[in-house]
Amino acid sequence: MITKLDEIVEQARHYGPKRVAVAAAANALVLRSIKQAEELGLITPLLVGHRDEILAEAEAVGYQVSDDKIVHVAMKNETAPKAVELVRTGKADILMKGYLHTHVLLHAVLDTNAGLRTDRLLSHVFLMQVPTYHKLLAVTDAAINIAPDLLQKAAIIQNAVDLMRALGIDLPKVAALSSVETINPRIPSTIDAACLHKMAERGQINHAIVDGPFAFDNAISRQAALEKGIDSPVSGDADILLAPDLDAGNILSKNLEYLASAQMAGIVMGARVPIVLTSRSDPPGARTYSLALAVLLTQAPAPSE
């Protein structure tokens, strides 16, 4: 079982290098992380963007880019469709968001005729190494699904479970978060959490222990849970935190990153290939970890049904 992000990098090096199509690659932060991942033997990049802009940004970070690694497009709005095309046609194994907005990349991914969609819901997972927690912690969904309904939450959980199983966790523990730990019909997320718990018990969510509702303290601290009369195998030992909506997930993950010094990787699950998706402000290390995770996922078994 993998317990550190650096362990993901080390394991992924055994499977690399994988070909990565980078949409809108002409950015110093993006290219610095690509350079690092390439030097580690994780990837072979295909840098999609304007050739002159890519070369200028690469020179600024001391990255010598050969011409065969650049896929020239004249306009920035062409970068996402072109990167998706490279993956769809088998010229790349992984898709990566460069310096562009998430919705622009996902629009190309979800294109009915030219995208990478499957019958599964797309969802985002932040895999976080938090200094004050005893193992890797997944937070989902903080980037794609704004206000998921019950069935979408079940699909979001399944995607995160498949990711954690690829890291060697056979039966991930999922905490369905809310603002309180009791079921309250006035707070829809508590009803969803209770239903998700029962769905997992009845095999509608595979290979996971799901419990909730949990307030955040009860999910990560067994002592806090016991003080409130909650005795659950998930409390204090959660592998996955299911956010009630995108706002909560995004705030939680960025709080952990900026106030708790968490390191993170960001990945989109549910498409034909892993999609590396981090914030445009994230440091190169986050992108390198994300690329390593994507490489590891290319070796994972087929998703759970």
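The values are calculated or read from the model by the stated rules, or taken from the named source; none is laboratory data. From a predicted model like this one, the values you see are computed outputs, not experimental measurements. With ideal geometry, Cβ positions are generated from the backbone for all residues, glycine too; neighbour counts draw on all protein chains shown.
Inclusion of residue 113 among residues that are in a loop (DSSP other than H, G, I, E, B), surrounded by fewer than 22 Cβ atoms within 10 Å (Cβ to Cβ) and in the same structural domain as residue 189 (by TED's automatic domain parsing) is not warranted. The set of residues from the stretch 1-60 being of a type outside the set (A, V, I, L, M) and within 22 Å of residue 168 (Cβ to Cβ) comprises 3, 4, 6, 7, 10, 11, 13, 14, 15, 16, 18, 41. Suppose the filter is in contact with a helix residue (DSSP H, G or I) (Cβ under 7 Å, 6 or more places away or on another chain) and not in a loop (DSSP other than H, G, I, E, B); does residue 38 pass it? Judged against the criteria, residue 38 is not a match.
Considering the conditions (1) modelled with pLDDT of 95 or more; (2) surrounded by fewer than 22 Cβ atoms within 10 Å (Cβ to Cβ); (3) closer than 26 Å to residue 15 by Cβ, residue 96 is excluded by exactly one of them, (2). Annotation note: Cβ proximity below 8 Å between a residue of the stretch 84-108 that is on the phi < 0 side of the Ramachandran plot and a residue that is crowded, with 19+ Cβ neighbours inside 10 Å and among the basic types (Lys, Arg) (sequence gap 6+ or interchain) occurs for 93/18; 94/18; 96/287; 105/97. Residues in the stretch 163-180 that are more than 24 Å from the chain's Cα centre (by Cα) and surrounded by 24 or more Cβ atoms within 10 Å (Cβ to Cβ): none. Within the stretch 19-42, the residues that satisfy the criterion of being within 18 Å of the chain's Cα centre (by Cα) and either farther than 18 Å from residue 76 by Cβ or surrounded by fewer than 24 Cβ atoms within 10 Å (Cβ to Cβ) (or both) are 20, 33, 37, 42. Need the failing condition index for residue 233 against (1) touching a strand residue (DSSP E or B) at 6+ places or on another chain (Cβ under 9 Å); (2) under 27 Å from residue 103 (Cα atoms), just the number. Among (1) touching a strand residue (DSSP E or B) at 6+ places or on another chain (Cβ under 9 Å); (2) under 27 Å from residue 103 (Cα atoms), residue 233 violates only (2). Scanning the stretch 41-54 for residues being farther than 25 Å from residue 289 by Cβ and assigned to a helix (DSSP H, G or I) gives a total of 3. Report whether or not residue 211 is under 26 Å from residue 296 (Cα atoms) and of a type in the set (D, E, K, R). No; evaluated as a whole, the condition is false for this residue. For residue 103, the criteria (1) surrounded by fewer than 16 Cβ atoms within 10 Å (Cβ to Cβ); (2) modelled with pLDDT of 95 or more; (3) part of a helix (DSSP H, G or I) hold in every case but one, which is (2). If the condition is being over 14 Å from the mean Cα position of the chain (by Cα) and touching a residue at least 40 places away in the same chain (Cβ under 8 Å), then the stretch 248-268 contributes 248, 252, 256, 257, 260, 261, 262. Taking the conditions exactly as written (in a strand (DSSP E or B) and under 18 Å from residue 287 (Cβ atoms)), does residue 9 satisfy them or not? No, not satisfied. When residues in the stretch 139-187 are screened for being part of a helix (DSSP H, G or I) and touching a residue at least 24 places away in the same chain (Cβ under 8 Å), 16 of them pass.
Within the stretch 105-138, which residues are more than 13 Å from residue 157 (Cα to Cα) and of a type in the set (Gly, Ala, Ser)?
Of everything in the stretch 105-138, those that are more than 13 Å from residue 157 (Cα to Cα) and of a type in the set (Gly, Ala, Ser) turn out to be 108, 114, 115.
Selection of the stretch 55-74 for residues being over 18 Å from residue 19 (Cα atoms) and either basic (Lys, Arg) or in a helix (DSSP H, G or I) (or both) yields 55, 56, 57, 58, 59, 60. Reported count of residues in the stretch 116-135, each being under 18 Å from the mean Cα position of the chain (by Cα) and either in a loop (DSSP other than H, G, I, E, B) or under 15 Å from residue 297 (Cβ atoms) (or both), is 13. Pairs are defined by a Cβ separation below 6 Å, a sequence spacing of at least 6 or placement on different chains, a first member in the stretch 22-44 that is closer than 17 Å to residue 60 by Cα, and a second member that is aliphatic (A, V, I, L, M) and not in a loop (DSSP other than H, G, I, E, B); the pairs so defined are 25/47; 25/48; 25/54; 26/54; 28/60; 31/58. Among residues of the stretch 75-93 being of a type in the set (Lys, Arg) and under 12 Å from residue 46 (Cα atoms), the one that is surrounded by the most Cβ atoms within 10 Å (Cβ to Cβ) is 82.
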